[in-house]
Amino acid sequence: MSVDSTILNISQGDNIWDANKFRENLEINISKVGERETNLDLINVDTSIANALRRIMISEVPSVAAEYIYILNNTSVIQDEVIAQRIGLIPLKVDPDRLTWLNNDLPEDEKFTDENTIVLSLNVKCTRNLDAPKDCTDPSILYHNAHIYARDLKFEPQGKQEETFADSPVVSADPDILIAKLRPGQEISLRAHCILGIGADHAKFSPVCTASYRLMPKIIITEKIKGESAKRFQKCFPPGVIDINENDEAYVKDARKDTMTREVLRHEEFQDKVKLDRVRNHFIFNIETVGAMSAEEIFLKSVKILKNKAEYLKNSPISQ
Amino acid sequence: MSSAEMKPNEVQEDTVIEEVDVEMESTVDEDKIKILPQATSEDGTCASFQIMDEDHTLGNALRYIIMKNPEVEFCGYSIPHPSENLLNLRIQTYGSTTAVEALQKGLGDLMDMCDVVEEKFTQRIKEL
């Protein structure tokens, strides 16, 4: 072993991978659980792992979206392909585990089954509202079906879906998304086949609106800041970050609330009294779901997918 | 039960097992990973691999975990071109292990790490 390598080994020190040590050090705190948004802290992991999980949540956790749109009639002013695109982007409340993957090797007429496809239909026709008051100018009163929303998409259970989806019929996660505006005489009639996909293929398959992390802020006060100065110091940070104790000294109360504005650094009086840093192994994840799955489920799936990736590669033979 | 009745049953079972075997073989992905001979030393302590259909997600995580192996001198990855879905991985060891072994250990360690994260996370969910 060369001299360099021994030095490297020493510098690696307790950096050697040890599952038990990792288990001891790893900390996960779920700080906020909402219907759509979840906040969680992942502490004592490396950036590469946190980033892998974030990337997987955005682009590799499967979800269901409309992929094939069959337009039977469209006399609206919006082109077929534009309507198809808009319907594809509508988030659907479907548990992705209930569907299987589409087999693209099969011919078109055998590809879609009740196990891998959900059929939605949209049949709307705009007509005049004869009861509307004479001086009215509001199209939603003047006409029936002037505005077509995501809630107008009707779920059409196929085969055994009648039973399997009985407890949770497929609806849009956001029913008030506007698809099109019509005028009397115009109509849209279409069928949408919704399948499983991943965000890497198309953003409509991404189960999250955003999945991001930031590092835990660290504010180090190197010199005591007292009195009026402390009050000005407090004002440099978002509310709740800095507090003043009984000795009239500023102290860091909750660094997590800090947004990393560099406001303090603009003030001459705080020069060399404060250092702004980040905790490099403390990740604050913010996961906002599209509505089909909970954020916790998405995070858990991302961990499983990362493991599957490693397992798949491990089981693949290395060819020359 | 007579032996005559048993026979067809056994035969049936055998054929079922064979079918499963055939299916398993066909699912093994031969093209997933290959070793690049021009960048590999004869004793196998240094090697470069080319992995299909992977990106920074696995590349960086794998690089990190392989570097944690004290027998590994260097591990790095690159994506040669953004429009090709390939990942190149380079491993150089100090000589006490081969690059292939280091890669296998890295993948195993990464799986263990995922297990720990999953276990901790499910535990936290239960506590909510």
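Just so it is clear, none of the values below were taken in a lab; they were calculated from the coordinates. Computed from a predicted model, the values in this text were never measured in an experiment. Neighbour counts run over all protein chains shown; Cβ positions are idealised from the backbone, glycine included.
Please list, by residue number, every one of the trypsin sites (Lys or Arg not before Pro) in region A:99-171 that is coil in DSSP and has at most 15 other beta-carbon atoms within 10 Å.
Values: sites: A:K111, A:K125, A:R128, A:K134, A:R151, A:K154, A:K160; in loops: A:K134, A:K160.
Within region A:99-171, the qualifying trypsin sites (Lys or Arg not before Pro) (loop, at most 15 other Cβ atoms within 10 Å) are A:K134, A:K160.
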**Message:** If you build the convex hull over the alpha carbons only and average its shadow over all orientations, what do you get for region A:63-205? Give it in nm² to one decimal.
**Reply:** 9.8
**Fill in**
With the convex hull built on the alpha-carbon atoms of region A:50-127, volume per residue in Å³ sits at 150
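Under the classification rounded if a/c is under 1.5, otherwise prolate if a/b is larger than b/c and oblate if not, where does region B:73-126 fall, given a ≥ b ≥ c as square roots of the Cα gyration tensor eigenvalues? The partial results should precede the final answer.
Numbers: a/c = 3.91, a/b = 1.50, b/c = 2.60.
It comes out oblate by the Cα gyration axes.
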**Request:** Take chain A, connect every pair of alpha-carbon atoms lying under 10 Å apart with a spring to form a Gaussian network, then pick out the residue of A:F237, A:F285, A:F155 with the largest mean-square fluctuation.
**Result:** A:F237
**Asked** Could you give me the ³J(HN,Hα) list for region A:163-176, computed from phi with Karplus coefficients 6.51, -1.76, 1.60 and θ = phi - 60°, whole Hz, x at Gly and Pro?
**Response** 8, 5, 9, 4, 7, 9, x, 6, 9, 6, 5, 10, x, 9
**Request:** Return one number: the angle in degrees, 0 to 90 and rounded to the nearest 10, between the long axis of the Cα atoms of helix A:47-59 and the longest principal axis of the Cα atoms of chain A.
**Result:** 10
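May I ask you to derive the relative contact order of region A:63-205, considering only C-alpha pairs under 8 Å and at least 6 residues apart, and to give it as an integer percent? Can you show the working numbers first?
On the way: 268 pairs, mean separation 61.8, N = 143.
Value for region A:63-205: 43 percent.
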**Above-threshold pairs, the threshold being 27 Å between Cα atoms, out of A:K32/A:K301; A:K275/B:K68; A:K301/B:K105; A:K134/A:K181; A:K32/A:K253** = A:K275/B:K68
**Message:** Looking at chain A as a GNM with Cα springs under 10 Å, which of A:D277, A:D135, A:D80 has the largest mean-square fluctuation?
**Reply:** A:D135
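Once you order the gyration tensor axes a ≥ b ≥ c over the Cα atoms, which shape class does region A:171-320 get: rounded for a/c under 1.5, otherwise prolate or oblate by comparing a/b with b/c?
Cα axes put region A:171-320 in the oblate bin.
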**Asked** So for the protein assembly as shown, what percent of the C-alpha to C-alpha distances run longer than 44 Å?
**Response** 35
**Request:** Estimate the FRET efficiency between A:N123 and B:S78 by the formula 1/(1 + (r/R0)^6), using the beta-carbon distance for r and 51 Å for R0, to the nearest 0.05.
**Result:** 0.45
**Prompt:** Hey, if you drop one equal point scatterer on each alpha-carbon of region B:33-123 and run the Debye formula without solvent, what base-10 log of I(q)/I(0) do you get at q = 0.13, 0.15, 0.16 Å⁻¹?
**Reply:** -0.44, -0.57, -0.64
**Item:** Inter-part distance where region A:254-320 and region A:108-171 are each reduced to a Cα centre, Å
**Value:** 40
**DSSP loop GluC sites (Glu not before Pro) with at most 12 other Cβ within 10 Å excluded, longest remaining stretch of chain A** = A:36-222
**Prompt:** Mind checking the angle between helix A:295-315 and chain A's longest principal axis? C-alpha axes, 0 to 90 degrees, to the nearest 10.
**Reply:** 80
**Prompt:** Past the 26 Å Cα-Cα mark, which pairs from A:K204/B:K126; A:K21/B:K126; A:K226/A:K257; A:K307/B:K126; A:K111/A:K204; A:K160/A:K304?
**Reply:** A:K204/B:K126; A:K160/A:K304
